[in-house]
1. Hey, can you tell me all the residues within the stretch 44-97 that are free of Cβ contacts under 8 Å to residues at least 12 places away in the same chain and at positive phi?
2. Taking only the stretch 143-175 into account, find how many residues are part of a strand (DSSP E or B) and open to solvent by 30 Å² or more (accessible area, probe 1.4 Å).
3. Which of the residues belonging to the stretch 98-134 are more than 12 Å from residue 178 (Cα to Cα), in contact (Cβ under 8 Å) with a residue 40 or more places away in the chain and not in a helix (DSSP H, G or I)?
4. Being in contact (Cβ under 8 Å) with a residue 12 or more places away in the chain and farther than 19 Å from residue 175 by Cβ is the filter here, so list the residues in the stretch 141-150 that pass it.
5. What are the pairs, 6+ residues apart or on separate chains, where a residue within the stretch 193-211 that is over 19 Å from residue 183 (Cα atoms) and of a type outside the set (D, E, K, R) has its Cβ under 6 Å from a residue that is open to solvent by 10 Å² or more (accessible area, probe 1.4 Å) and outside any loop (DSSP other than H, G, I, E, B)?
6. Return yes or no: is residue 178 more than 21 Å from residue 83 (Cβ to Cβ), in contact with a Gly (Cβ under 9 Å, 6 or more places away or on another chain) and buried (at least 18 other Cβ atoms within 10 Å of the Cβ)?
7. Just wondering, is there one or more residues in the stretch 214-221 that are assigned to a loop (DSSP other than H, G, I, E, B), in contact (Cβ under 8 Å) with a residue 12 or more places away in the chain and not hydrophobic (A, V, I, L, M, F, W, C)?
8. Based on this model, can you work out whether residue 120 counts as open to solvent by less than 10 Å² (accessible area, probe 1.4 Å) and over 20 Å from residue 68 (Cβ atoms)?
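The values are calculated or read from the model by the stated rules, or taken from the named source; none is laboratory data. Just so you know, these numbers come straight off a predicted model, no measurement behind them. Please note: Cβ atoms are built from the backbone with ideal geometry, for glycine as well, and neighbour counts cover all protein chains shown. We work out accessible area using only protein heavy atoms, side chains counted, and drop any ligands, DNA or RNA first. Shrake-Rupley method; radii C 1.70, N 1.55, O 1.52, S 1.80 Å.
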Amino acid sequence: MLDWYYLAKDGVSKLLAPTAEYLGDGLRNLALRRVECIGRIFSNASQKLGDRLEMSGEVPPAVLRAVLSEASYREDQLSVEYFGGVLASSRTEHGRDDRGSRMIKVVDGLTSYQMRTHYLVYSSLSRQFSGSGKRFETAQDRSQMRIFLPAKEYVDSMDFTHDEWFNPQMLHHIWHGLSSDGLIEGEWRFGGAELLRSLFPSAPHDGFVCTPSTLGAELFLWAFGRSDLPLEALCTADIDTVIDGIPSGVSNTVVCNDAVQQRRVQGYEGEGS
């Protein structure tokens with residue numbers, strides 16, 4: 001369990017390097033619960049870095065500021081994983097790479113439902129295309145990575161309560177949000193099989209069809225501390241993306257191979273399940 005003990009150790013100085021000096025003022029005005037949350041994020045980042053933590057490096061002040069101001073309110077494990085991964089990804093030799101401050105804002109802009117769906121989508125993609133050598137450079141490349149998530153298995157993976165699943169706005173909130181934030185491509189749908197067949201002619205039943213985006217893949221790699229890898233690493237690298245208590249992808253996910261040449265559909269055109 002992460003607590004004040006971790007924050008008192010030299011692990012923080014090793015993680016943040018000179019940027020740790022900013023913590024004095026930053027932590028002074030934080031409530032204990034927020035400090036504990038930040039501590040969990042620091043610990044997660046250190047774990048993701050592993051042996052790389054022993055190498056010289058530092059985190060830009062802008063990234064630390066974003067963690068202190070935005071990440072400290074998120075207590076669920078998936079948020080800790082994502083924020084911790086961005087923090088780990090931001091630790092570089094010269095401490096000049098402040099892209100993490102932008103990534104922190106992307107993560108902070110996601111609700112728990114959207115973040116979990118992002119994780120499930122890209123975990124499923126990683127499993128489906130492992131070792132495939134698929135690339136992300138063009139829209140055509142990404143269209144060949146379109147996947148179908150069966151409705152029942154998606155619902156099980158999201159661990160929805162009865163009220164959450166039957167909330168008429170829930171799926172619109174999740175999928176519109178991911179699309180509008182650029183975390184999946186504009187070609188996506190959810191609903192019954194007939195509705196899905198313009199994107200996946202072989203759709204067997206109710207579910208979700210979506211295509212990965214460059215930002216979505218980038219965020220996934222950042223979330224696991226690997227901003228140093230190309231986007232294709234999502235399909236080729238041996239990256240530990242397992243999170244305790246959350247399924248590593250949606251069971252029975254199908255690659256939409258017969259959808260590659262289908263007409264392009266901009267935005268959402270479907271109905272909820």
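1. Once the filter is applied, which keeps residues that are free of Cβ contacts under 8 Å to residues at least 12 places away in the same chain and at positive phi, the stretch 44-97 yields only 50.
2. Start the filter on the stretch 143-175 by keeping residues that are part of a strand (DSSP E or B), which leaves 147-150.
In the following step, the residues that additionally are open to solvent by 30 Å² or more (accessible area, probe 1.4 Å) were identified as none.
Result for the stretch 143-175: 0.
3. Of everything in the stretch 98-134, those that are more than 12 Å from residue 178 (Cα to Cα), in contact (Cβ under 8 Å) with a residue 40 or more places away in the chain and not in a helix (DSSP H, G or I) turn out to be 129, 130, 131, 132, 133, 134.
4. 144
5. Correct list of pairs: 196/189; 201/258; 202/258; 203/193; 205/193.
6. Taking the combined requirement at face value, the residue does not satisfy it.
7. No, there is no match, as no residue in the stretch 214-221 is assigned to a loop (DSSP other than H, G, I, E, B), in contact (Cβ under 8 Å) with a residue 12 or more places away in the chain and not hydrophobic (A, V, I, L, M, F, W, C).
8. Details: open to solvent by less than 10 Å² (accessible area, probe 1.4 Å): yes; over 20 Å from residue 68 (Cβ atoms): yes.
Against the criterion (open to solvent by less than 10 Å² (accessible area, probe 1.4 Å) and over 20 Å from residue 68 (Cβ atoms)), residue 120 qualifies.
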